[in-house]
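Presented below is the structure to which this report refers.
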Amino acid sequence: MNVGDAAHRSGLPAKTIRYYEEIGLIAPARAANGYRDYSGDDVHRLAFLRRARNLGFSIDDCRQLMALYRDRGRASADVREIAAAHVTAIEEKVRELQSMRSTLQKLIHACHGDDRPDCPILDDMAGTAAGADQAFG
């Protein structure tokens with residue numbers, strides 16, 4: 001099947017599929033005319049990659065997961081290790097986002113939001129707020 005059909009069946013844009021081929025995540029066969037010829041297995045691998053990316057795995061993680069998926073002698077511990085590391089990274093990102101939210105909430109609370117030109121939010125971003133690092137960090 002052509003890239004358009006593979007895109008429709010896998011749920012990925014054709015541009016993404018071509019990118020995955022360019023970086024070596026997939027390698028569809030070539031028809032006699034030189035066009036890519038995606039098989040059902042290729043579409044299955046593309047759907048696998050779509051799901052992994054939707055879960056937030058990096059391209060490098062996807063490469064490792066795809067290799068493990070193809071390796072019937074794999075140890076599930078290897079897959080689990082990648083997934084656990086990803087959860088740890090997600091948890092760190094959540095902490096960072098919560099800290100950003102807290103800081104922004106404090107800045108919003110400190111801002112009068114009226115016609116005056118002074119704004120603690122802008123002052124903080126510019127680094128000109130008195131004690132901004134201590135008060136909002």
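Values as computed for the structure displayed
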quantity	calculated
Residue match in the range 25-40 (condition: surrounded by 13 or more Cβ atoms within 10 Å (Cβ to Cβ), farther than 16 Å from Asp5 by Cα and either in contact with a Leu (Cβ under 8 Å, 6 or more places away or on another chain) or modelled with pLDDT under 95 (or both))	yes
Number of positions in the range 114-127 that are surrounded by 10 or more Cβ atoms within 10 Å (Cβ to Cβ) and in a loop (DSSP other than H, G, I, E, B)	1
Members of the range 44-57 found to be assigned to a loop (DSSP other than H, G, I, E, B) and surrounded by fewer than 13 Cβ atoms within 10 Å (Cβ to Cβ), listed by number	Gly56
Neighbours by Cβ (under 6 Å, 6+ apart or cross-chain): first from the range 17-40, of a type in the set (Phe, Trp, Tyr); second buried (at least 17 other Cβ atoms within 10 Å of the Cβ)	Tyr20/Ile26; Tyr38/Ala6; Tyr38/Pro28
Any chance Lys106 is more than 20 Å from Tyr19 (Cα to Cα) and either among the β-branched types (Val, Ile, Thr) or surrounded by 12 or more Cβ atoms within 10 Å (Cβ to Cβ) (or both)	yes
Test: residue in the range 73-84 that is assigned to a helix (DSSP H, G or I), surrounded by 10 or more Cβ atoms within 10 Å (Cβ to Cβ), touching a residue at least 12 places away in the same chain (Cβ under 8 Å) and touching a Gly at 6+ places or on another chain (Cβ under 7 Å)	no
Single match in Ile17, Ile90, Ile108 (criterion: under 30 Å from Asp124 (Cα atoms), in contact with a helix residue (DSSP H, G or I) (Cβ under 8 Å, 6 or more places away or on another chain) and either modelled with pLDDT under 95 or assigned to a helix (DSSP H, G or I) (or both))	Ile108
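The values are calculated or read from the model by the stated rules, or taken from the named source; none is laboratory data. All values reported here derive from a predicted model rather than from experimental measurement. As a convention, Cβ positions derive from the backbone with ideal geometry for all residues, glycine included, and neighbour counts pool all protein chains shown.
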